[in-house]
Amino acid sequence: EKVKELFVITNELESLYPGRRFTIDGHTIGSIGEVLVAEKLKLDLLPNSTEKHDAIDSEGRLYQIKATTKDRVALSAEPDNLIVIKIFSDGTWDIIYNGPGKPIWENAGKKQKNGQRPITLSKIQKIKSEIL
């Protein structure tokens, strides 16, 4: 509910100040995504900035969690397992992908200056339909 409230406030600010964007992005959207996924899927979050993975399940499987409000995510390393979610402007969200990290990593774009490899959600969904 708090996440939904955050998006409502953002939308209200944009209505009050036409032409100004109050985007929720970067670390904020990443942390929101990690918490949403961990709660829904009963995962334990690893310490902040743990290399390559964000969470672990009760059987010891490791997961990287990526959240976006746009049409792409970026990876900086190949995770064991990957969960990608899209968060919508009303604060609702959908799991786009929950599966092995390898096929997404192998199909991500070339490494950018920031060290990350981008991949679109449509490409992730195509890979998902082929492997899951």
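The values are calculated or read from the model by the stated rules, or taken from the named source; none is laboratory data. If you're wondering where the values come from, they're calculated on a predicted model, not measured in any experiment. Positions of Cβ are generated from backbone atoms using ideal geometry, with glycine treated the same way; all protein chains shown enter the neighbour counts. Remember, those area values only see protein heavy atoms, side chains included, never the ligands or the DNA or RNA. Shrake-Rupley method; radii C 1.70, N 1.55, O 1.52, S 1.80 Å.
At-a-glance table
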| read-out | value |
| --- | --- |
| Residue within the stretch 89-109 that is exposed (fewer than 12 other Cβ atoms within 10 Å of the Cβ), part of a strand (DSSP E or B) and modelled with pLDDT of 95 or more present | yes |
| Residues satisfying the stated conditions in the stretch 95-121, i.e. under 27 Å from GLU39 (Cβ atoms) and either touching a Phe, Trp or Tyr at 6+ places or on another chain (Cβ under 8 Å) or polar (S, T, N, Q) (or both) | ASN98, ILE104, GLN116, THR120 |
| Of all residues in the stretch 36-60 being touching a helix residue (DSSP H, G or I) at 6+ places or on another chain (Cβ under 8 Å) and not in a loop (DSSP other than H, G, I, E, B), the one that is surrounded by the fewest Cβ atoms within 10 Å (Cβ to Cβ) | ASP44 |
| Residue count, the stretch 78-125 (criterion: among the polar types (S, T, N, Q) and over 23 Å from GLU51 (Cβ atoms)) | 5 |
| Test: residue in the stretch 66-84 that is of a type in the set (Ser, Thr, Tyr) and farther than 20 Å from PRO118 by Cα | no |
| Options ILE65, ILE83, ILE87; residue that is under 15 Å from LEU121 (Cα atoms), among the β-branched types (Val, Ile, Thr) and in contact with a Ser or Thr (Cβ under 6 Å, 6 or more places away or on another chain) | ILE87 |
| Given (1) in a helix (DSSP H, G or I); (2) crowded, with 18+ Cβ neighbours inside 10 Å; (3) at pLDDT 95 or above, number of the condition TYR63 does not satisfy | (1) |
| Sole exception among (1) under 18 Å from GLY33 (Cα atoms); (2) in a helix (DSSP H, G or I); (3) open to solvent by 50 Å² or more (accessible area, probe 1.4 Å); (4) not polar (S, T, N, Q) for ILE124, by number | (3) |
| Candidate set: the stretch 12-34, residues that are in contact (Cβ under 8 Å) with a residue 24 or more places away in the chain and open to solvent by 60 Å² or more (accessible area, probe 1.4 Å); chosen: the one farthest from LYS86 (Cα to Cα) | THR23 |
| Selection from the stretch 66-84 of residues that are modelled with pLDDT under 95 and either within 15 Å of ALA108 (Cβ to Cβ) or charged (D, E, K, R) (or both) | LYS70 |
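Residue-wise test of (1) more than 17 Å from GLY30 (Cα to Cα); (2) without any contact (Cβ under 8 Å) to a residue 60 or more places away in the chain.
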site: LEU45; (1), (2): no, yes
site: ASP57; (1), (2): yes, yes
site: TYR63; (1), (2): no, yes
site: PRO79; (1), (2): no, yes
site: ILE83; (1), (2): no, yes
site: SER89; (1), (2): no, no
site: LYS110; (1), (2): yes, yes
site: ILE119; (1), (2): no, yes
site: LYS126; (1), (2): yes, yes
